[in-house]
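Notes follow once the structure below has been shown.
The values are calculated or read from the model by the stated rules, or taken from the named source; none is laboratory data. What you are looking at is a predicted structure, and each value in this text was computed from that prediction instead of being measured. Cβ placement follows ideal geometry from the backbone for every residue including glycine, while neighbour counts extend to all protein chains displayed. Just so you know, the surface numbers come from the protein's heavy atoms only, side chains and all, with ligands and any DNA or RNA stripped out. Shrake-Rupley method; radii C 1.70, N 1.55, O 1.52, S 1.80 Å.
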Amino acid sequence: MTHRSTDAGAVITGLGTFTPLGRGAAETFDALCHGKSGLRRPPTGHPLDGSVDVAGIAPDIEAREVLPPSEGRLVDRYALMALAAADDALADAGLVVGRDVDPHRVAVIVSSGAGGLSTYEEQALARAQRGPTAVSPYLLPGMLPNMAAARIAIKHGIRGWSSAIATACAAGAHAVAEAARLIRYGEADVVVCGGAEAPLNPTSALAFAHARALAHGWGDDPEAASRPFDRRRNGFVLAEGAGVLVVERVGHADARGAAGYADLLGWGATTDAYRPTAPRPDGDGAAHSMRGALAKSGLSPQDVGYINAHGTATKLGDVAETKAVRAVFGDHAPAISSTKSMTGHLLGGSGAVEAAISALAISRGVLPPTHNLDEVDPDCELDHVRGEARAQRVEAAISNSFAFGGHNVSLLLSTASSRKKR
Amino acid sequence: MSAEVEKFIIEALQNMNYDVSDVTGETPLGPAGLDLESLSVAEIAIQVEDTYGVKFEEDEMETVALLSVSGLVKEIVERASAAATAG
């Protein structure tokens with residue numbers, strides 16, 4: 001290692017995830033390491049019943065579980081899941097805003113690709129059926145993409161920087177990268193960051209299906225549908241959920257005796273400037289993103305022991321990412337896996353959930369596998385963790401997120417430099 | 001009609017998750033009583049329009065927010081009967 005984080009570096013002290021594998025980052029990580037899939041056929045009565053034959057469905061959540069009764073009206077599921085993940089991440093960090101940190105020194109950046117489209121769809125249908133007065137004034141504060149961040153701020157009294165970054169499937173990763181920046185530039189001592197998505201409505205699902213992006217033909221075996229890097233892969237599995245991380249200045253964490261999972265040491269962000277929905281076939285945008293994260297962190301490629309791949313299981317995407325990894329790491333590419341094989345693709349939520357998974361991989365010394373990777377596509381040959389989890393201590397890990405629109409983000413995490421470690 | 005409209009208003013408040021157990025006709029909609037936020041007042045207005053065909057204009061919303069429950073009921077009933085007479 002050529003670089004150590006300083007007092008001014010960023011350390012992850014709290015994790016919250018709400019995914020098809022359940023609520024709780026540690027539980028989700030354990031499930032992933034045991035090869036447990038969260039994918040299933042939408043049950044009778046689910047909005048997607050009849051639209052797609054497999055999805056990643058997160059647990060039920062009621063507004064009253066995360067909001068006071070009078071504030072929960074028409075709040076979309078994406079925001080409710082984000083609130084749950086944020087509550088859990090702050091509790092995990094043992095941090096109460098106002099008690100442990102000046103509210104003006106806390107930021108919140110929680111993103112979403114599209115915000116509350118399910119709620120919008122319901123209201124649009126109600127308007128078509130019942131007329132203009134069916135549209136509620138609560139629609140906008142219930143569904144806008146900034147409202148997860150805003151409601152987390154209101155609930156926890158966060159008074160510093162707040163925003164949401166709507167970069168589709170890179171939205172969660174962009175939020176985490178931005179958090180690292182705010183810490184690095186002294187704009188905040190604590191950043192609550194992450195992403196959430198609730199795309200399981202028929203209109204969104206059909207749009208992805210008609211774009212030929214979704215895995216198909218796996219109705220008889222839904223758990224086999226998401227198979228990144230596998231020869232038989234044919235698309236991603238649409239999923240919902242949220243991930244939130246508490247990122248803290250190392251000096252701040254040490255001063256209050258908080259333990260870190262991992263440092264957020266570097267980030268890289270680039271743009272393909274190529275096509276709206278296809279990556280550059282040579283993976284050049286992704287490669288530059290990973291190189292950017294390495295440069296920012298001061299690490300060398302050989303310091304990286306694990307890559308949590310974007311790996312959605314689309315034909316083009318997996319090959320482009322493989323090329324990018326080879327371009328950056330040469331013949332000594334680190335171990336790689338795609339946990340989307342078990343969570344499905346949480347779109348704007350995925351980057352944050354996978355950053356949390358990467359942090360746990362570093363702190364636990366265990367790398368979760370790619371499920372369903374039975375026969376590696378010859379164009380995707382890498383050091384795949386597959387079959388079962390691999391016990392391996394790693395100093396640093398990269399988490400990749402690439403999006404419709406050509407947005408690429410790579411986050412680089414390393415062993416925690418806070419005095420106490422998780 | 002007043003009793004029916006009052007019941008309608010209280011049910012609408014209940015659906016918005018306001019605690020209506022102590023609400024009477026005298027309860028103010030504003031800070032001294034239910035403390036409705038502006039969107040809740042707007043939501044009630046749109047439901048009243050939907051059910052009774054009575055419309056509150058944008059510049060009336062602040063005045064509406066200062067009424068009591070009975071005051072609002074009275075407004076709705078008067079406007080509904082005016083509309084019926086005119087119609």
Using +1 on the beta carbon of Lys and Arg, -1 on that of Asp and Glu, and nothing else charged, what's the dipole of chain A about the Cα centre, debye to 20?
620
Hey, what's the Kirkwood Rh for the protein assembly as shown if you take every pair of different alpha carbons, in angstrom?
23.8
At 0.36 nm per residue, and after removing the present C-alpha to C-alpha distance, how many nm does the segment from B:GLU26 to B:ALA84 gain when stretched out fully?
18.2 nm
Any chance you could look up the accessible area of A:ILE61 with a 1.4 Å probe, heavy atoms only, rounded to 10 Å²?
20
Test item: A:128-137 mean partner chain Cβ contacts at 10 Å
3
What does the structure give for B:8-16 when I average, per residue, the other chain Cβ atoms found within 10 Å of the residue Cβ?
1
Across peptide B:36-47, how many C-beta atoms of other chains are within 10 Å of each residue C-beta, on average?
3
Would you mind telling me the antiparallel percentage of the DSSP bridges in chain A, rounded to 5?
65
Which FRET efficiency value, to the nearest 0.05, do you get for A:ARG232 and A:HIS210 by plugging their Cβ-Cβ distance into 1/(1 + (r/R0)^6) with R0 = 30 Å?
0.85
Give or take rounding to whole Å, what are the principal axis extents of the alpha carbon atoms in the stretch A:222-269, in descending order?
51, 23, 17
In nm, give the distance between the simple-model label positions of A:HIS46 and A:ARG256, each being 7 Å from the Cα along the Cα-to-Cβ direction.
3.7
Summing +1 per Lys or Arg and -1 per Asp or Glu among the other residues with Cβ less than 14 Å from A:ALA213's Cβ gives +4
Computed label-point distance, nm, for sites A:GLU395 and A:SER163 using a 7 Å Cα→Cβ extension
3.3
Of all stretches in chain A that avoid GluC sites (Glu not before Pro) placed in a DSSP loop and having at most 16 other Cβ atoms within 10 Å, the longest is A:188-374
Return the subset of A:LYS36/A:LYS340; A:LYS340/A:LYS421; A:LYS155/A:LYS340 for which the Cα-Cα distance in this structure is over 19 Å, preserving the input order.
A:LYS340/A:LYS421; A:LYS155/A:LYS340
With unit charges on the beta carbon (Lys/Arg positive, Asp/Glu negative), name the residue among A:PRO145, A:LEU83, A:GLY298 whose Cα is farthest towards the positive pole of the charge dipole of the stretch A:10-416.
A:PRO145
For the stretch A:54-165, what ratio Rg/Rh do Cα atoms give with a Kirkwood hydrodynamic radius?
1.02
Quick one: among B:GLU75, B:GLU58, B:GLU37, which has the greatest mean-square fluctuation in a GNM of chain B with alpha-carbon springs under 10 angstrom?
B:GLU58
Quick check for you: which residues of the stretch A:33-58 have the amide N under 18 Å from the point 7 Å beyond the Cα of A:GLU388 toward its beta carbon?
A:33-37
Taking 0.36 nm per residue of sequence separation and subtracting the Cα-Cα distance, how much length would be gained by fully extending the chain between A:VAL135 and A:ALA295, in nm to one decimal?
52.6 nm
Points 7 angstrom from Cα along the Cβ direction at A:ALA128 and A:ASP102: gap in nanometres?
5.2
Nearest-20 debye value, the stretch B:29-87 charge dipole, Cβ charges on Lys, Arg, Asp, Glu
320
